Each structure stands twice: as C-alpha cells, then as structure tokens.
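The values are calculated or read from the model by the stated rules, or taken from the named source; none is laboratory data. In this text, all values refer to a predicted model and were calculated from it rather than measured experimentally. Ideal geometry is used to build each Cβ from the backbone, glycine not excepted, and the neighbour counts take in all protein chains shown.
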Amino acid sequence: MLMKTTLTPAVFAPALATPAGAVRALYELTKPRLAFFSILTALAAFAAAGPGGGPGLWLAAGAGIALAAGGALSFNQWLERRHDAVMARTRGRPLPAGRIGSVAALAWSLALSIGGVGLLGWLTTPAAAVTAAVIIILYGLVYTPLKRITPWATEIGSVSGALPPILGAAAAGNLGSPTAWLLAAVLLCWQMPHFYAIGWRYREDYRRAGFRLLPVVDATGRRTAYRSFAYSVLMWIVSVAPWALGWFGPWYGVIALIAGGGLVLRAGQMVLAADAEARDESASRLFFATILYLPLVLSGLLMQVWLG
C-alpha cells in the first residue's frame, strides 16, 4: 500500500501557477535547515584552512558548497517522496503535498548537484569537486535506501554527514587541515545522538514508512538511549582530546569541554528514563542539546584559529 501512494505527474503542480509558489517549493526541497549545518561546517573548515585568493574564492566556495548541499538534499526528497507521503511529519513537503511534480524535483536536484560540483571543480580545486560528488552519492544512493534495510544505516550515513568539513578544506586547497579533520571526527559522532533523538520522537512515522532505523526496531528505546550516550561520550572525548594534547588552545578547549559535557548529560538522562514515555521527553531535550552544541563548538574552533 505504500507503493500505491501517487504523486502529481505534472512537472509543476497547479499550486505552483505563481512564480512565488514555485520558488518556495524548490527552496523547501533543499531542506534549508539541514543544509545550513552542512554549509556552516564546511565554511568553518574552509576558513580554518587558511584559504588565499581573496573574496572571489570565498564566494566560489560558498556558492559551490551551498549548491551541492541543496542538490543532495533535494535528491533525497525525490527518492523518498512516496515514503514521505505516509508520514505525518513529512507529508506536507512539496512532493507528497503535490506542490511540485517529480520531474521538476529531479531536474532541480540534478541541476543543483551538477552545478555545485562543477563550480567547485572550476573555481576552487578538483579535490573539492570529487568530495562534493562523493557526499551526494553516499547520501542519496547509499544512505537513503539503507534506511529501509538495516538499523545500521545511521552509522553508515554519518560518513556523508561528516565530509562537509573535508569539502571545505579541499576547497581551500588544504586537505591536511587539522581543524577540518577534527570537525569531521566530531560530526561523525555528533550525528548519532542527533538522529537517534529524532528517530525516537518520530518512530511511529518511520515505522509506517517502512524504515528499519534503530528507534523503529527498539521497542523500549533502551538500545537507542545507550547508543546515543556512547556516541555522545565518544564525541566528547574526540572533541576535547586535541586540547588535552596541546594541539588546540583554551578558546576551543573550554567551549568543547562544557558543550560536550552538557550533551553527555542529556544523553545520560535518556538512558535513565523510567519508560518509553519518559524517554520521549528526554529525547526531545537531547535533540535540542545537539542543535545547540554544534554552533558552540564551531565558534570555539574559529575563535581559536583567529584569536590564537
């Protein structure tokens, strides 16, 4: 019954008769809030990598990264359009809501992806173009289908989510930037509590759509909570270790210590929740803690780079 969900066959649905409606639908396809974090981490790593070239390189890198991120996320929505149609939290998206047709959505995602990869390769470095292409392929063609196959999809998908800092460093011509690799390692771990918290809050939605994510197959939420806690602790260790080893200074270290400790505390509360209902509340708090954590750590990194 899932596969019988139909979408408008038109390139543009009637609701997009106005230019404003078309622009809004295309913008929503890029998942702007999620794209923001990818772009932010990539540009933070780009800045820390010490790019030369002046404002022109900044503009080229920013535009290329933004286009590639929007293309990857639009492609994901196109791939999951039928599954989004059966979930309450996603059925209002442009494709399942019939505000745009699948042909237009696919064309948009390909145009953004090709434009982003091409721009990075032309105006920054070939390594940046290759990294952007790898992110798009991993996210769209590996992680997205795996969500319906294995509970380990989140871990596998975290690789694509950890690569934006490497993309930023590549665009700056400095793939060896320690800041970029540190940020990638932090992101690899950070995504687990972030997405597990989302998955637990919306587990019934994911179950209806046929996803086999850990929160869907974990009836009590205990395994979800323990993994969230374990990855939060690992993230904390990874983030603080460079400071403890003297590789990064106190601007970054103190912020990483405090922000990471707060995230571990929230994950621990999810472990200690008495039942599934209490775990819902703690998962919400954990989710908001992950949202707060990332800008704080990025700020600490940039303060360290610029202020010494």
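Brief remarks on what is shown
For (1) of a type in the set (A, V, I, L, M, F, W, C); (2) in contact (Cβ under 8 Å) with a residue 60 or more places away in the chain, each residue gets a yes or a no:
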{"position": "ASP275", "(1), (2)": "no, no"}
{"position": "ARG279", "(1), (2)": "no, yes"}
{"position": "LEU294", "(1), (2)": "yes, yes"}
{"position": "SER299", "(1), (2)": "no, no"}
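- Meets criteria (more than 21 Å from HIS194 (Cα to Cα) and modelled with pLDDT under 95) for GLY64: no
- Residue that is nearest to the chain's Cα centre (by Cα), among those in the range 106-122 that are surrounded by 18 or more Cβ atoms within 10 Å (Cβ to Cβ) and more than 17 Å from TYR139 (Cα to Cα): LEU120
- Any hit, the range 90-98, residues being within 30 Å of ALA172 (Cβ to Cβ), assigned by TED's automatic domain parsing to the domain that holds ALA63 and under 21 Å from the mean Cα position of the chain (by Cα): no
- Test: residue in the range 156-174 that is more than 28 Å from TRP247 (Cα to Cα) and of a type outside the set (Val, Ile, Thr): yes
- Here ALA170 passes the criteria (1) surrounded by 23 or more Cβ atoms within 10 Å (Cβ to Cβ); (2) in contact with a Leu (Cβ under 7 Å, 6 or more places away or on another chain); (3) assigned by TED's automatic domain parsing to the domain that holds ALA48 except the one numbered (2).
- When residues in the range 57-77 are screened for being touching a Leu at 6+ places or on another chain (Cβ under 8 Å) and surrounded by fewer than 21 Cβ atoms within 10 Å (Cβ to Cβ), 4 of them pass.
- Residue selected from the range 274-303 under the condition hydroxyl-bearing (Ser, Thr, Tyr) and either in contact with a Pro (Cβ under 9 Å, 6 or more places away or on another chain) or within 29 Å of TRP243 (Cβ to Cβ) (or both), by the criterion surrounded by the most Cβ atoms within 10 Å (Cβ to Cβ): TYR293
- Test: residue in the range 117-124 that is hydroxyl-bearing (Ser, Thr, Tyr), in the same structural domain as TYR252 (by TED's automatic domain parsing), out of contact with any strand residue (DSSP E or B) (no Cβ under 6 Å at 6 or more places or on another chain) and at pLDDT 95 or above: no
- Qualifying position, being in a helix (DSSP H, G or I) and either under 29 Å from ALA47 (Cβ atoms) or modelled with pLDDT of 95 or more (or both), among TRP247, TRP236: TRP236
- The helices (runs of 4 or more DSSP H) located wholly in the range 97-216 that include 3 or more residues which are in contact (Cβ under 8 Å) with a residue 12 or more places away in the chain and over 30 Å from GLY53 (Cβ atoms) occupy 102-123, 153-162, 178-201, 203-208.
- If you filter the range 193-215 down to residues that are under 13 Å from the mean Cα position of the chain (by Cα) and surrounded by fewer than 24 Cβ atoms within 10 Å (Cβ to Cβ), you find that the one that is nearest to ALA256 (Cα to Cα) is PHE195.
- Of the candidates ALA241, ALA259, the single residue that is touching a Leu at 6+ places or on another chain (Cβ under 7 Å) and either outside any helix (DSSP H, G or I) or aliphatic (A, V, I, L, M) (or both) is ALA259.
- Residues in the range 178-211 that are among the polar types (S, T, N, Q) and touching a Gly at 6+ places or on another chain (Cβ under 8 Å): GLN191 only.
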